[in-house]
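Okay, structure first, notes after.
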Amino acid sequence: MTPLPILTVLPPQPATIPTGGDGTPLEFPITGMTCAGCAARIERALRGEPGVAAAAVNFATARATVSYDTRATSVDRVLVTVSRLGFGVELPRDPEAPELAADSAADSRDAGDLFRRWVVCAICSLPVVIAAMSHGSVSAWNHPWTPWFQLLLTLPVLVYGGWPIFRSAVAALRHGGADMNVLVGLGALTAFGYSVFALVRPESVVATGDHGMHGPPIYFEAAASIITLVLLGRWLEGRAKSHAADAIRSLLVLQPRFARVEEQGETREIAITDLRAGDIVVMRPGERLPVDGDVVSGESTVDESLLTGESWPVSKQPGDRVFAGTMNERGSFRFRATGVGRQTQLQRIIQQVRAAQGSKAPISRLADRVAGVFTPVVAGIALATGLTWLLLAPTSSGPGMAIHTLVSVLIIACPCALGLATPTAIVVGAGRAAELGILFKNATALEHAAGIDVVVFDKTGTLTAGRPTVTDIIPANGVEPETLLTLAACIEQHSEHPIAVALHRVASERGLDLPGVGQFAASPGLGVSGNIEGASVSIGAARFLMQRGVEVSDWEIVGERVAAAGKSPIYVARGTECLGLLAIADPIAADAAVTIRKLQSAGLQTVLLSGDRQAVVDAVAAELGVSRTLAEVLPGEKAAEIRRLQSTGQRVAMVGDGVNDAPALAAADLGLAMGTGTDVAISAADITLIRGRISDVAVALDLSRQTLRVIRQNLFWAFAYNFIAIPIAAGALYPFTGWLLSPMLASAAMMGSSLTVVLNSLRLRTATAR
């Protein structure tokens with residue numbers, strides 16, 4: 001499994017569906033769903049409950065997400081609504097408790113029970129099918145007792161193997177619904193009931209020479225093979241779908257179940273669900289960290305490769321931050337828990353990946369609507385087909401053909417493939433993205449990413465390394481370089497801006513003493529000012545200084561020369577006198593140029609949006625090959641520039657990392673935030689690139705296109721399968737070829753259609769950017 005790099009501070013993520021009232025989201029697993037019709041029926045029931053604002057049920061993940069108002073309903077009522085429909089529900093005892101690696105014993109028992117039922121059915125069905133296929137031509141099967149032998153072997157198939165199917169079908173009908181179990185149950189019981197009637201009262205059924213039979217047609221093999229193949233299909237489908245959740249499982253196993261805490265000088269082991277913020281956790285060599293925290297004593301190296309992809313262990317000392325899921329190597333240390341339960345970075349990532357996998361893309365709406373009414377429509381088609389052949393076929397063969405076609409239509413039209421088409425692709429695609437260090441907020445973002453026309457990049461910290469460096473100090477005549485640097489670093493000493501950090505770093509390296517600052521004021525995107533030892537000092541762009549009455553015209557030529565070299569000129573003034581300028585350069589990110597070329601080769605337009613000077617932005621754009629530049633854009637104007645691009649009919653993605661990028665990220669059709677950026681930017685974005693690598697922009701967009709392509713393939717196959725298969729099963733080819741589709745082949749075709757969709761989606765597990 002590819003390591004999932006998630007070591008970045010992510011804020012709590014909002015619910016993926018709209019909230020109502022006080023907006024309490026609830027997510028819980030549902031057992032007993034067998035097709036998309038089940039999911040649609042549960043959704044309708046939940047949405048009809050008072051106080052429920054929105055509900056989404058994902059058939060592929062077997063989970064429901066409900067947004068409800070606690071003033072109008074409760075968790076118990078929501079769960080009762082689902083259980084009344086005949087489905088099982090389960091809710092964690094504590095919603096704030098961390099989600100841990102699931103105890104697979106229950107899943108193994110369910111899979112084992114399904115497999116055992118299938119084995120019994122296969123053993124019993126095989127002789128029945130062989131006897132039916134011999135058509136009396138094989139002497140070993142040409143006996144009067146052969147039909148009774150078939151009846152005897154079919155009974156355990158229906159009773160033991162078909163019991164879960166019939167039980168679910170009855171539950172669905174009892175609550176006014178119809179699902180796959182109803183279709184399968186009707187098909188199997190119709191074939192079996194007619195065969196028993198024909199066997200007991202042969203004089204009531206006109207025997208025919210069809211199929212070379214020596215008596216009335218019986219369909220025990222159809223009833224037996226239907227149940228057997230459906231059980232096999234569900235077992236194979238379950239195994240295939242389980243691989244779609246590999247990304248979640250690979251995260252869950254990172255968090256241990258127990259932690260060693262220190263209380264009053266004594267150490268004891270407790271479950272991590274009992275850990276509280278402020279507890280002191282003791283780590284020994286070779287142990288995996290249970291929660292997030294800050295080291296308080298001891299030293300060690302921690303292997304964070306499973307989270308960050310960083311191959312070298314990271315040294316940890318008092319004051320350093322540590323994260324759940326990482327591996328302590330050689331040393332021992334104590335740390336104070338700060339993030340516990342679902343507040344660890346690991347748990348937040350797990351919840352965001354699960355939310356993305358459980359959400360629905362807009363493209364799935366048509367499939368959901370069709371699946372919701374598909375079963376009763378198919379039942380009507382099957383009944384009409386049987387009546388048609390009963391009336392139109394020759395008297396001698398009418399009953400047999402009616403049963404034959406009715407059962408085949410019921411079985412072949414089960415809407416499993418339709419229900420799996422979209423959710424399986426989203427589950428696998430979102431999981432694969434997480435493995436590559438890309439977090440989609442929801443399935444809508446995944447779909448929107450596939451339709452982007454323009455990618456707009458912020459410059460600093462996005463296309464550049466985000467670590468500006470002072471490259472030149474150019475003082476005026478009579479001004480010492482140290483004086484210029486001291487004033488600039490002093491005025492910026494309380495700022496966290498990347499330029500301020502660069503000034504702090506070089507001032508510290510030179511051992512400069514920085515006096516205090518009074519009346520500090522900042523103008524976002526322009527500069528800062530303050531009083532130093534009684535004098536007014538300003539630092540920033542030329543227009544900022546001019547607004548403050550500083551004459552900088554003599555320095556603009558120097559500034560233009562600096563900008564032409566791809567550096568940012570920062571002017572420094574004391575009072576109304578310009579003392580000189582500093583040249584700041586932020587090196588281009590190593591993979592920025594390659595990323596731009598990949599995006600452009602995919603037909604996307606690239607735009608560089610920055611508040612920096614036009615000359616600096618043009619120099620960076622020329623080096624990277626960016627199509628278009630928008631320079632000297634103030635933070636408040638970035639969102640307006642995004643909307644201006646959108647007004648031309650283009651779908652725009654914005655890539656940024658800073659607080660001033662948040663409005664533009666929110667305004668764009670798709671916002672991508674660098675995981676190394678601020679919490680505000682990450683919250684506003686639709687996609688978080690948690691490794692902070694610009695190359696992941698191309699990966700995210702390409703993976704979304706691959707995922708949407710798979711969804712379209714799945715939907716095409718699901719619709720085409722039913723469009724073609726139902727008429728064939730209804731006997732459309734019989735007048736021309738004399739051929740009818742066997743119910744056994746119909747069962748195999750139905751199983752194959754579902755597996756085709758799931759296996760096609762699983763191709764995304766190895767998807768990479770091209």
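The values are calculated or read from the model by the stated rules, or taken from the named source; none is laboratory data. Everything numeric in this text was worked out from a predicted model, so none of it was measured. All Cβ positions, glycine included, derive from the backbone under ideal geometry; neighbour counts span all protein chains shown. With ligands, DNA and RNA removed, areas are computed over all heavy atoms of the protein, side chains included. Shrake-Rupley method; radii C 1.70, N 1.55, O 1.52, S 1.80 Å.
Computed values, structure above
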| read-out | value |
| --- | --- |
| Long pairs among Lys459/Lys567; Lys598/Lys638; Lys316/Lys459, criterion Cα-Cα beyond 22 Å | Lys598/Lys638; Lys316/Lys459 |
| Spin-label model distance (nm) - Arg330 vs Ala666, 7 Å beyond Cα toward Cβ | 4.9 nm |
| Size of electric dipole in the stretch 397-556: Cβ of Lys, Arg +1 and of Asp, Glu -1, about Cα centre, debye, nearest 20 | 820 debye |
| Kirkwood-Stokes translational diffusion coefficient of the stretch 618-769, alpha-carbon pairs, 20 °C, 1.002 mPa s, µm²/s | 110 µm²/s |
| Charge-dipole axis of the stretch 424-494 as Lys and Arg at +1 and Asp and Glu at -1 on Cβ define it, positive-most pick from Ala465, Leu446, Ala476 | Leu446 |
| Residues listed by number, the stretch 638-655, amide nitrogen under 15 Å from Ala602 label point at 7 Å toward C-beta | 651-655 |
| Label-to-label distance, nm, for residues given as Leu512 and Arg167 (7 Å Cα→Cβ offset) | 7.8 nm |
| Amide proton proximity set for Thr70, modelled H, under 5 Å, gap of 5+ | Asp22, Gly23, Thr24 |
| Point-to-point label distance, Phe719-Asp320, nm (Cα→Cβ direction, 7 Å offset) | 5.6 nm |
| Rounded FRET efficiency, nearest 0.05, which uses the C-beta distance separating Asp591 from Arg709 and R0 of 30 Å | 0.75 |
| Kirkwood hydrodynamic radius of the stretch 456-525, Cα pairs, Å | 13.4 Å |
| Integer Hz, Karplus 6.51/-1.76/1.60 couplings in order for the stretch 475-487, x for Gly and Pro | x, 6, 4, x, 10, 6, x, 5, 5, 4, 5, 4, 5 |
| Anisotropy class of the stretch 256-354 from Cα gyration tensor, a/c 1.5 cut | oblate |
| Pairwise FRET efficiency - Arg239 versus Thr31, Cβ, R0 = 25 Å, nearest 0.05 | 0.90 |
| Relative contact order, percent, the stretch 433-551 [alpha-carbon distance under 8 Å, six or more residues apart] | 16 percent |
| Sequence ranges 536-546, 595-605, 436-446, ranked by mean other-Cβ count within 10 angstrom, highest first | 436-446, 536-546, 595-605 |
| Under Karplus coefficients 6.51, -1.76 and 1.60, residue-wise ³J(HN,Hα) of the stretch 421-427 in Hz, glycine/proline x | 4, 8, x, 5, 5, 5, 4 |
| Of Gln519, Tyr571, Ala589, farthest towards positive along the dipole that unit charges on Lys, Arg, Asp, Glu beta carbons give the stretch 512-591 | Gln519 |
| Neighbourhood net charge (12 Å Cβ-Cβ; Lys/Arg +1, Asp/Glu -1) for Thr486 | -3 |
| Accessible area (Å², 1.4 Å probe, nearest 10) - Trp389 | 40 Å² |
| Label zone at Arg276 (point 7 Å along Cα-to-Cβ), backbone N below 15 Å, the stretch 253-267 | 261-264 |
| Of all accessible heavy-atom area on the stretch 543-582, the percent that carbon and sulfur account for (1.4 Å) | 46 percent |
| Accessible area in square angstrom per residue, the stretch 516-555, 1.4 angstrom probe | 49 Å² |
| Nonlocal amide H pairs with Leu630, under 5 Å, H built at 1.01 Å | Leu608, Leu609, Ser610 |
| Listed residues Phe28, Phe323 arranged by accessible area, highest first, probe 1.4 Å | Phe323, Phe28 |
| Contour excess over end-to-end distance, with Cα ends at Arg284 and Leu634 and 0.36 nm allotted per residue | 120.9 nm |
| C-alpha center-to-center spacing [the stretch 608-643, the stretch 533-591] in angstrom | 19 Å |
